[in-house]
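The values are calculated or read from the model by the stated rules, or taken from the named source; none is laboratory data. These numbers come from a predicted model, not from an experiment. Backbone-built Cβ (ideal geometry, glycine too); neighbour counts: all protein chains shown. Accessible surface is based on the protein model in full, side chains and every heavy atom, while ligands, DNA and RNA are left aside. Shrake-Rupley method; radii C 1.70, N 1.55, O 1.52, S 1.80 Å.
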Amino acid sequence: MTRLTADVWVSAYLTRLRLADIPAFVTRKGDLTAGAVLVKLNTLDGQAAVYQRSFDLMTGERAWVVLSEGEERDVDAALTRQKGFDPDLWVIEVEDKSGRHLLDEPGLSD
């Protein structure tokens with residue numbers, strides 16, 4: 001199966017968020033073709049979560065899983081550590097009081 005490049009996936013994701021009136025920002029731009037993408041969900045109450053795409057070797061399925069969650073400052077510290085490991089990393093920050101990130105919608109986990 002052909003996969004989208006990171007920049008195309010990010011653009012499509014931002015468009016879906018915009019259509020749902022969910023503010024989102026690219027806070028770190030990574031490698032255009034193969035950079036990993038992390039999504040930070042900021043619920044604007046001091047809490048946050050970071051999601052990363054995971055691959056199940058047994059089933060071949062891809063899914064978004066929580067990398068870190070809790071106090072926003074702790075989540076930001078986890079993001080900083082990830083940025084230190086991966087210079088090609090993309091980070092998208094989604095701001096939604098209701099906790100919507102749309103990552104569970106069809107097409108976004110592929």
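Quick notes
- Residues of region 40-76 satisfying the condition of being open to solvent by less than 40 Å² (accessible area, probe 1.4 Å), free of Cβ contacts under 8 Å to residues at least 60 places away in the same chain and of a type outside the set (G, A, S): K40, N42, T43, V50, Y51, W64, V75
- Here G99 clears all of (1) surrounded by 11 or more Cβ atoms within 10 Å (Cβ to Cβ); (2) in a loop (DSSP other than H, G, I, E, B); (3) at pLDDT below 95 except the condition numbered (3).
- Residues (more than 19 Å from V65 (Cα to Cα) and open to solvent by less than 80 Å² (accessible area, probe 1.4 Å)) located in region 28-39: R28, G30, D31
- If the condition is being of a type outside the set (V, I, T), part of a loop (DSSP other than H, G, I, E, B) and modelled with pLDDT of 95 or more, then region 1-28 contributes A20, D21, P23.
- Residues satisfying the criterion are present in region 57-68 (criterion: touching a helix residue (DSSP H, G or I) at 6+ places or on another chain (Cβ under 9 Å) and at pLDDT 90 or above).
- Filter result (more than 14 Å from Q52 (Cβ to Cβ) and either part of a loop (DSSP other than H, G, I, E, B) or open to solvent by less than 70 Å² (accessible area, probe 1.4 Å) (or both)) within region 77-92: A77, G84, P87
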